[in-house]
1. Of all residues in the stretch 26-46, count the ones that are basic (K, R) and within 19 Å of G72 (Cβ to Cβ).
2. Is it the case that the stretch 4-11 has a residue that's closer than 23 Å to K80 by Cβ, crowded, with 18+ Cβ neighbours inside 10 Å, among the hydrophobic types (A, V, I, L, M, F, W, C) and touching a residue at least 12 places away in the same chain (Cβ under 8 Å)?
3. I want to confirm something. Restricting to the stretch 66-103 and keeping residues that are free of Cβ contacts under 8 Å to residues at least 24 places away in the same chain and small (G, A, S), which single residue is least open to solvent (accessible area, probe 1.4 Å)?
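The values are calculated or read from the model by the stated rules, or taken from the named source; none is laboratory data. What you see is a predicted model; the values in this text were computed from it and never measured. Every residue, glycine as well, gets a Cβ built from its backbone with ideal geometry; the counts of neighbours run over all protein chains shown. Keep in mind that these areas ignore ligands, DNA and RNA; they rest on the heavy atoms of the full protein, side chains included. Shrake-Rupley method; radii C 1.70, N 1.55, O 1.52, S 1.80 Å.
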Amino acid sequence: MKEYNDLTIYEQEDFLEYEIIKYLQKTPQPITRAQLAKYLVENVDYIPKNALNSRKSHKTKKSYQPFMNRLGFALTSLYKARLIDHPKRGITVLSKLGEGVDPSDKEYIHELIIQAWEK
């Protein structure tokens, strides 16, 4: 496996989607985006420990966190594919479909996401 920073942004999102499902299957409680980001950075070997550091945009000069952008897109894709749900703003839980999916079946998960974005 390549290091996280060596992946394209699309590969990063795919990677995060699988890791999110794995984590939510282990932790069946509601979780915030910040808690999820912290867990992933601290516990997934391929994600660098400095992933939550901010960068300054060359164009707008504003600070942003590229990792949080990728995490947001990964969560949106999982939501559109009905693998996760947001019972309240800022809270993420696994859906019934997400509970039953095998996180190592990357092709199946990817296909669900592609179909959801095509709708």
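1. Qualifying residue count, the stretch 26-46: 2.
2. So far as the stretch 4-11 goes, no, none of its residues is closer than 23 Å to K80 by Cβ, crowded, with 18+ Cβ neighbours inside 10 Å, among the hydrophobic types (A, V, I, L, M, F, W, C) and touching a residue at least 12 places away in the same chain (Cβ under 8 Å).
3. S95
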